[in-house]
Amino acid sequence: MRWWDIGPVLELEQELFPEDAWSAGMFWSELAHARGPHATRHYVVAEDADGRLVGYAGLAAAGDLADVQTIAAARDQWGTGLGARLLTDLLRAATAFEAAEVLLEVRVDNTRAQKLYERFGFEPLGFRRGYYQPGNVDALVMRLSDPALSVPADGPVQGETHG
C-alpha cells in the first residue's frame with residue numbers, strides 16, 4: 001500500500017465497516033512505519049484486472065509478536081480466495097519480521113472471517129468486550145503460533161497484491 005491507495009482504501013473501508021471505519025489519519029500513521037530499514041508495518045493492496053482496488057491488509061510487528069491490523073476484501077470478491085491470499089501475504093511478512101506469534105481481533109459476528117483464520121491455524125484466545133465502537137461489539141482475539149508453518153512454500157502470492 002502506498003499513499004495514493006489511501007483514497008480507494010477509505011472508500012472500501014467505509015463500505016465494509018461503516019460503524020467503525022478507520023480514518024485517513026490512521027492509515028497515514030500506519031504507512032509512516034511501513035518503509036525503510038526500521039519498518040514495523042507491512043501493508044498490501046489487491047487490484048482486479050481493471051486496476052480497481054478490491055482488497056487490502058496490514059500487519060504490525062514488535063519483537064517476536066505480530067498483529068493483523070486490518071484485512072478486507074470487496075463484497076464482490078468474497079468466495080474468490082482473495083482473503084486467503086491477503087492473509088498469506090501478511091503471514092509471509094510476519095515470518096520476515098521473525099514473529100513467533102500472530103494475533104488478531106475479529107468481530108464476534110464475523111463468522112466468515114473467523115472461518116478463514118481457523119483454516120490458517122488461528123485459535124481463539126479470549127474476548128475484548130466492546131472493542132468495536134461505537135457499536136459496542138465484542139472482539140474475538142485469535143492467535144497463531146509459528147506463522148511460518150501456515151504459509152504455503154510455493155512462491156509469491158498469485159496475482160493482484162502489491163505493497
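The values are calculated or read from the model by the stated rules, or taken from the named source; none is laboratory data. Fair warning: this is a prediction, and the values are worked out from it, not measured in the lab. Here the Cβ is made from the backbone with ideal geometry for all residues, glycine too, and neighbour counts use every protein chain on show. Accessible surface areas use protein heavy atoms only, side chains included; no ligands, DNA or RNA. Shrake-Rupley method; radii C 1.70, N 1.55, O 1.52, S 1.80 Å.
Descriptive notes on the structure:
Yes/no matrix, rows are residues, columns are (1) over 15 Å from Y43 (Cβ atoms); (2) of a type outside the set (D, E, K, R):
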{"position": "R85", "(1), (2)": "no, no"}
{"position": "R107", "(1), (2)": "yes, no"}
{"position": "T111", "(1), (2)": "yes, yes"}
{"position": "Y117", "(1), (2)": "yes, yes"}
{"position": "E123", "(1), (2)": "yes, no"}
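- Restricting segment 108-120 to residues that are part of a helix (DSSP H, G or I) and not hydrophobic (A, V, I, L, M, F, W, C), the residue that is surrounded by the most Cβ atoms within 10 Å (Cβ to Cβ) is Y117.
- Applying the condition of being touching a helix residue (DSSP H, G or I) at 6+ places or on another chain (Cβ under 8 Å) and open to solvent by less than 30 Å² (accessible area, probe 1.4 Å) to segment 14-33 and asking which residue is nearest to D76 (Cα to Cα) yields L16.
- Among the residues of segment 121-146, those that are touching a strand residue (DSSP E or B) at 6+ places or on another chain (Cβ under 8 Å) and loosely packed, with under 12 Cβ neighbours inside 10 Å comprise E123, G126, R129, N136.
- Residues of segment 121-152 satisfying the condition of being of a type outside the set (A, V, I, L, M, F, W, C), touching a residue at least 12 places away in the same chain (Cβ under 8 Å) and outside any loop (DSSP other than H, G, I, E, B): E123, P124, G126, R128, Y131, Y132, D138, R143, S145, P147, S150
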